[in-house]
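Written out below as structure tokens is the structure these notes cover.
Read the figures in this text as sums done on the coordinates, not as results from a lab. Keep in mind the model is a prediction, meaning the values are calculated, not measured. Quick reminder, even Gly has a Cβ in these numbers, built from the backbone with ideal geometry, and neighbours come from all protein chains shown.
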Amino acid sequence: MAKVILKANIKNRIKNGHPWIYENEIERVEGNYEDGDIVDIFYHSLDFLGKGYINSKSKIRVRLLTRKNLKIDKEFFTNKLKKILSIKRKLVKDTEGFRVVFSESDGLPGLIVDKFGNYLIVQIGSLGMEKLKKYIIDALVEVLSPKGIYEKSDYAAREREGLKVFRGWIYKNGPELIEFKMNGLTFYADTLGQKTGFFLDQRENVQLIKDFAENKEILDVFSYTGNFSVHALKYGAKHTILVDYSKRALEIADITLKKNGFKRKYELINANAFDFLRKLQKEGENLFDVVILDPPAFAKSYDDIKKAYRGYKEINLRAMKLLKEAGILITASCSRVVTEQDFLVVLYDAASDTKKNLQILQRGAQPPDHAPTLNIFETFYLKFFIFKVDYIKNY
Ligand code: SAH
């Protein structure tokens, strides 16, 4: 096994629990390795640091899997999974859908595992994890006894690791739409949909809309398969309009809304949200009691942060105009590089342009199955607010 020896003068980040080792933090590698192999890692003092996998194609040259001298095999994953689940099983309630493994934050860089009913959907984002796939599947089968495991490794980051996109059943078989219960409602994880098929990270935040939904006219922008709208209708909303540019997402929203018994209480609009909001605003203002904005990450890296601010400002500004007096704005950002403070500044900017006052009634974050780790700041991404919006002049 090759040995990776770190430089002497590196920052404390790694010592303080961060699992990434960048190429410029490595002094030398002793021995031969192939990309994706497990390596032993040592501080410059030659004290043992841990084990991880290496990839010469990635700027993050090594990702740590353990700081103990353990063999990385099925048992390693079995033990990790049991440890993770012993905590999550207590914290995650009223749902058959939750994130079993949240990558770095759960100590398994490059691996995401979501559980939907008796099925698992996994995402493998690195070559190192790809090489350990057999162990991972065996451990998941032993610990969770799933009916089937679907791999949905169809995102662009894989290419940076020299991997191809892949999706398909890797253990037994299962349906295209995986049904599961959450908060007493029925949902579907779409094996051909986005990310792992369903956005479980809003599971607790959607419950916060309970006090704002009764008898309300709702606009749910970036709806995907209807998570927010289904909850709003359960909490007594009068009507909801779902907007998404994915036709498939809206088809599944339709199935989900009907399955939960909400016929004739909704409208599906297949459109670009920016165009649609602009068009609606031309038709008039003060149209909705509640507007929900849950867009995809507008910034993937610091390079497009300015563009992201513009995007957040535009949709939030238009939403503020579309709201009736004392309306409710439910707004989220899942861009990792946009901090909560940045997001609030953008919202303040939009409020100032629209002459509105924004009072924070509720705030949300990542649920415990997506718990971020303070020592790995990259694991923080979700911001969520519920605002009361009214004209400054009416105060
Ligand atoms: N609120 C959803 C998750 C939304 S994910 C939930 O809780 O499940 C973001 C959604 O925005 C995706 O469904 C994607 O198809 C859609 N989307 C992305 N860009 C869009 C755009 N410009 N116009 C309309 N929809 C868009």
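What does the C-alpha gyration tensor say about the overall shape of the stretch 183-337? Classify as rounded when a/c is under 1.5, otherwise prolate if a/b is larger than b/c, or oblate. Before the final figure, lay out the partial values.
On the way: a/c = 1.57, a/b = 1.12, b/c = 1.40.
Oblate, because a/c is 1.5 or more while a/b does not exceed b/c.
Looking at the P(r) of the stretch 74-176, how many percent of alpha-carbon pairs lie beyond 16 Å? Could the numbers behind the result be given before it?
Details: 2889 of 5253 pairs.
For the stretch 74-176, the share of Cα pairs beyond 16 Å comes to 55 percent.
Is the shape of the stretch 87-131 best called rounded, prolate or oblate, per the rule: a/c under 1.5 gives rounded, else a/b larger than b/c gives prolate, else oblate, with a ≥ b ≥ c the square roots of the Cα gyration tensor eigenvalues?
Working: a/c = 3.92, a/b = 1.73, b/c = 2.27.
Oblate, since a/c reaches 1.5 and b/c is not below a/b.
Taking the inverse of the average 1/r across all pairs of different Cα atoms in the stretch 1-157, what Kirkwood radius in Å do you get?
16.4 Å
What angle, in degrees between 0 and 90 and rounded to the nearest 10, separates the Cα long axis of helix 305-322 from the longest principal axis of the Cα atoms of the chain?
It works out to around 30 degrees.
Amide H neighbours of ILE72 under 5 Å, at least 5 residues apart or on other chains, H built in the peptide plane: list them.
Residues meeting the criterion, in which the H sits 1.01 Å from N, do not exist here.
Got a sec? Charge dipole of the stretch 22-111, +1 on Cβ for Lys and Arg, -1 for Asp and Glu; which of LEU46, ASN69, ILE84 is way out at the positive end?
Farthest along the dipole direction, towards plus: ILE84.
Between SER145, SER86, SER335, find the one with the highest GNM mean-square fluctuation for the chain; connect C-alpha pairs within less than 10 Å.
SER86
Diagonalise the Cα gyration tensor of the stretch 1-94 and give the resulting equivalent ellipsoid semi-axes, square root of 5 times each eigenvalue, largest first, whole Å. Mind dumping the intermediate values first?
Working: eigenvalues 149, 47, 30 Å².
Semi-axes (√(5λ), whole Å): 27, 15, 12.
In percent, how large is the relative contact order of the chain, given Cα pairs closer than 8 Å and 6 or more residues apart? Display every interim value, and only then the final one.
Numbers: 826 pairs, mean separation 44.2, N = 395.
Computed value for the chain: 11 percent relative contact order.
Roughly how big is the chain's charge dipole about its Cα centre, with Cβ charges of +1 (Lys, Arg) and -1 (Asp, Glu), in debye to the nearest 20?
On the way: 66 positive and 52 negative charges, 75 e Å.
It comes to approximately 360 debye.
Can you give the convex hull volume per residue for the Cα atoms of the chain, as a whole number of Å³?
On the way: hull volume 55.3 nm³, N = 395.
Dividing the Cα hull volume of the chain by its residue count gives 140 Å³.
Quick one: if the Förster radius is 25 Å, what FRET efficiency do THR186 and ASP154 give, using the C-beta to C-beta distance and rounding to 0.05? Before the final figure, lay out the partial values.
Details: r = 25 Å, r/R0 = 1.00.
Approximately 0.50, to the nearest 0.05.
Using only the Cα atoms of the stretch 252-395, build the gyration tensor, take square roots of its eigenvalues as a ≥ b ≥ c, and label the shape rounded, prolate or oblate: rounded if a/c is under 1.5, else prolate if a/b is larger than b/c, else oblate.
Numbers: a/c = 1.60, a/b = 1.16, b/c = 1.38.
Here the stretch 252-395 falls in the oblate category.
Can you tell me how much longer the chain between ASN24 and LYS258 gets when fully stretched, taken as 0.36 nm per residue apart minus their C-alpha distance, in nm with one decimal?
That works out to 78.8 nm of additional length.
Taking the Cα centroid of the stretch 369-395 and of the stretch 324-364, what is the distance between the two, rounded to the nearest whole Å?
8 Å
Strictly over 18 Å apart at the Cα level, which of LYS51/LYS115; LYS11/LYS71; LYS152/LYS172; LYS59/LYS152 would you flag in this model? Write down the numbers at each step before the final one.
Details: LYS51/LYS115 28 Å; LYS11/LYS71 28 Å; LYS152/LYS172 15 Å; LYS59/LYS152 24 Å.
Pairs exceeding the cut-off: LYS51/LYS115; LYS11/LYS71; LYS59/LYS152.
Can you tell me the orientation of helix 74-91 relative to the chain, as the angle in degrees between its alpha-carbon axis and the longest Cα principal axis, to the nearest 10?
30 degrees
Given H placed 1.01 Å from N in the peptide plane, which residues other than close sequence neighbours of GLY97 have an amide H under 5 Å from its amide H?
GLY117
Put +1 on the Cβ of every Lys and Arg and -1 on every Asp and Glu Cβ in the stretch 287-395; which of LEU344, GLY364, VAL389 then has its Cα farthest towards the positive end of the dipole?
After comparing all options, I get VAL389.
Going toward the positive end of the dipole of the chain, with +1 on Lys and Arg Cβ and -1 on Asp and Glu Cβ, which of LEU6, ALA189, GLY284 do you reach last?
Toward the positive end, the furthest listed residue is ALA189.
Tell me the angle of helix 340-354 to the major Cα principal axis of the chain, expressed in degrees between 0 and 90 and rounded to the nearest ten.
Approximately 20 degrees, to the nearest 10.
Per residue, how big is the convex hull around the C-alpha atoms of the stretch 285-366? Give it to me in cubic angstrom, could you?
On the way: hull volume 7.1 nm³, N = 82.
So the per-residue hull volume is 86 Å³.
Out of the DSSP beta bridges found with both residues in the stretch 199-394, what percent are antiparallel (nearest 5)?
On the way: 16 of 35 bridges.
Antiparallel bridges make up about 45 percent of those DSSP assigns within the stretch 199-394.
What residue among LEU257, LEU358, LEU70 shows peak mean-square fluctuation when the chain is described by a Gaussian network model with Cα springs under 10 Å?
Judging by the Gaussian network model, the answer is LEU70.
Given charges of +1 on the Cβ of Lys and Arg and -1 on the Cβ of Asp and Glu, with all other atoms neutral, how large is the dipole of the stretch 181-233 about its Cα centre, in debye to the nearest 20? Could you put the intermediate results ahead of the total?
Numbers: 5 positive and 7 negative charges, 33 e Å.
About 160 debye.
Which ³J(HN,Hα) values in Hz, rounded to whole numbers, follow from the phi angles of the stretch 132-144 under the Karplus curve 6.51 cos²θ - 1.76 cosθ + 1.60, where θ = phi - 60° and Gly and Pro get x?
9, 4, 4, 4, 4, 4, 4, 5, 4, 5, 5, 7, 10
Between the stretch 1-19 and the stretch 86-129, what is the separation of their alpha carbon centroids in Å?
Here the answer is 27 Å between Cα centres.
Where in the stretch 290-313 does the amide nitrogen come within less than 20 Å of the point 7 Å from the Cα of GLU267, taken along Cα to Cβ?
Counting backbone N atoms under 20 Å from the label point, the list is 290-294.
In the chain, what % of DSSP beta bridges are antiparallel (nearest 5)?
Working: 55 of 81 bridges.
Within the chain, antiparallel bridges account for around 70 percent of the total.
Among ASP220, ASP294, ASP353, which one moves the most in a GNM of the chain with springs linking Cα atoms closer than 10 Å?
Among ASP220, ASP294, ASP353, the largest GNM mean-square fluctuation belongs to ASP353.
Need the full-extension length gain, GLN341 to LYS3, defined as separation in residues times 0.36 nm minus the C-alpha distance. One decimal, nm.
Values: separation 338, 0.36 × 338 = 121.68 nm, distance 4.12 nm.
Separation in residues times 0.36 nm, less the Cα-Cα distance, equals 117.6 nm.
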